[in-house]
Amino acid sequence: MTNLVPLLRSSVQTWECDDMGHMNVQFYVAKANEGLSVLSHHLGHGPTVARQTSRVLLPREHHIRFHREQRPGAGLTLEGGITGRDGDTLKVYEELTNSASGVVSATINADVILVDAQTREPQPLPASMDAAIKAHTVDLPTHGQPRGLDMGPPVDAPTLAQADDMGMVYTWQGTVKPNQCNPHGYMNQQHFMGLVSDSIANLLSQTRGDDRSNDPNIGGAALEYRFVYRSWPKEGDILTLRSGLKHVGPKTYTWAHWMFDMETGKAVATAEAVAVTLDLVARKAIGIPDAMRAHLESQLVEGIGA
């Protein structure tokens, strides 16, 4: 897509990679949000205006497809544009490619709103952005569209009590740390994804009996994620995560992850992910053995999603 605007050029650092040997999912979110700041500049709402008005563009929902894993040392290029507008919500598309090969690594779609940087209250898009929004409008390519996830209306905001009553698995819990927050004290969005990523070892140990630290040849990879952000945790807040299995296929399985403020029991975010088991030697997805599939199907939870 030649009409996408350049947003970011960087590379994969070793410290951005996980035990699977590839760039961790949270850093795709981090790079997408960094790119959004550059796109905001192209829309006439650059850093100076953002500081003067205390207004910033913020995703309230992400859809990410991971097309090709990226290993340490790979060069990355991010480009983007706007695929639509619904009132004060912009539909933003970003495409991450390997700089050397030009092959698409990931595609990111986001519903983006303008918010007060200090309160996170939604604000109307200024009329001064209208012309720039039109100038940077692009068509959504086929490879950037959802593939394995339903992008219908999000589930009603659940509560922690509801998740526990449904039998969802307790997979992560902890506090929001200062280094996870922006200057206004809000947790950066990459850490929503990061906390889910940190939970997977606990999820697999409880649902499949797996300890991935004992098998260096078998791992897993996310193919697609939908994240719906429902509130904005701040430094010191206690978060807790519940996860459940939504669907099992021949090679893929779909998990739902619900994140809550432990103090209030209210939803912070809901997410859904399509994942595969990965042969770390051949670097390819492998099928789910029949016995494992039967076990997983016995743990399906109805009524969960993003």
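The values are calculated or read from the model by the stated rules, or taken from the named source; none is laboratory data. None of these values were measured; they are calculated from a predicted model. Here Cβ is always computed from backbone atoms with ideal geometry, including for glycine, and neighbour counts include all displayed protein chains.
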Kindly list the number of the only condition in (1) within 15 Å of M129 (Cα to Cα); (2) of a type outside the set (K, R); (3) surrounded by 14 or more Cβ atoms within 10 Å (Cβ to Cβ); (4) over 18 Å from the mean Cα position of the chain (by Cα) that fails for S10.
(1)
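Which residue, of T97, T107, T119, T171, is at negative phi and in a loop (DSSP other than H, G, I, E, B)?
Answer to the selection: T119.
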Just checking, does segment 64-75 include any residue being buried (at least 17 other Cβ atoms within 10 Å of the Cβ), in contact with a Phe, Trp or Tyr (Cβ under 6 Å, 6 or more places away or on another chain) and within 26 Å of K234 (Cβ to Cβ)?
yes
Answer with yes or no whether M187 is under 22 Å from V274 (Cβ atoms) and either modelled with pLDDT of 95 or more or not acidic (D, E) (or both).
no
Of the residues D111, D139, which single one is of a type in the set (D, E, K, R), under 13 Å from R85 (Cα atoms) and within 17 Å of the chain's Cα centre (by Cα)?
D111
Does L58 satisfy the condition of being in contact (Cβ under 8 Å) with a residue 40 or more places away in the chain, in a helix (DSSP H, G or I), within 19 Å of V112 (Cβ to Cβ) and not assigned by TED's automatic domain parsing to the domain that holds N188?
no
Say whether the condition of being modelled with pLDDT of 95 or more and part of a loop (DSSP other than H, G, I, E, B) is met by at least one residue in segment 25-35.
no
For segment 83-93, what are the residues that are of a type outside the set (K, R), over 20 Å from R147 (Cα atoms) and either over 20 Å from the mean Cα position of the chain (by Cα) or buried (at least 22 other Cβ atoms within 10 Å of the Cβ) (or both)?
D86, G87, D88, L90
As an exercise: evaluate G46 against (1) small (G, A, S); (2) buried (at least 22 other Cβ atoms within 10 Å of the Cβ); (3) touching a helix residue (DSSP H, G or I) at 6+ places or on another chain (Cβ under 9 Å) and give the number of the one condition it does not meet.
(2)
Report the residue count in segment 175-197 for those that are touching a helix residue (DSSP H, G or I) at 6+ places or on another chain (Cβ under 9 Å) and either exposed (fewer than 15 other Cβ atoms within 10 Å of the Cβ) or closer than 22 Å to M23 by Cβ (or both).
13
Filter segment 227-260 for residues that are modelled with pLDDT under 90 and either touching a Cys at 6+ places or on another chain (Cβ under 8 Å) or of a type outside the set (S, T, Y) (or both); the one that is surrounded by the most Cβ atoms within 10 Å (Cβ to Cβ) is V248
Tell me the residue from E224, E263, E272 that is modelled with pLDDT of 75 or more, more than 20 Å from V29 (Cα to Cα) and not in a helix (DSSP H, G or I), please.
E263
Against the definition (modelled with pLDDT under 95 and not in a loop (DSSP other than H, G, I, E, B)), how does S128 come out, yes or no?
yes
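Quick one: would you say E34 is out of contact with any Pro (no Cβ under 9 Å at 6 or more places or on another chain) and among the acidic types (D, E)?
Judged against the criteria, E34 is a match.
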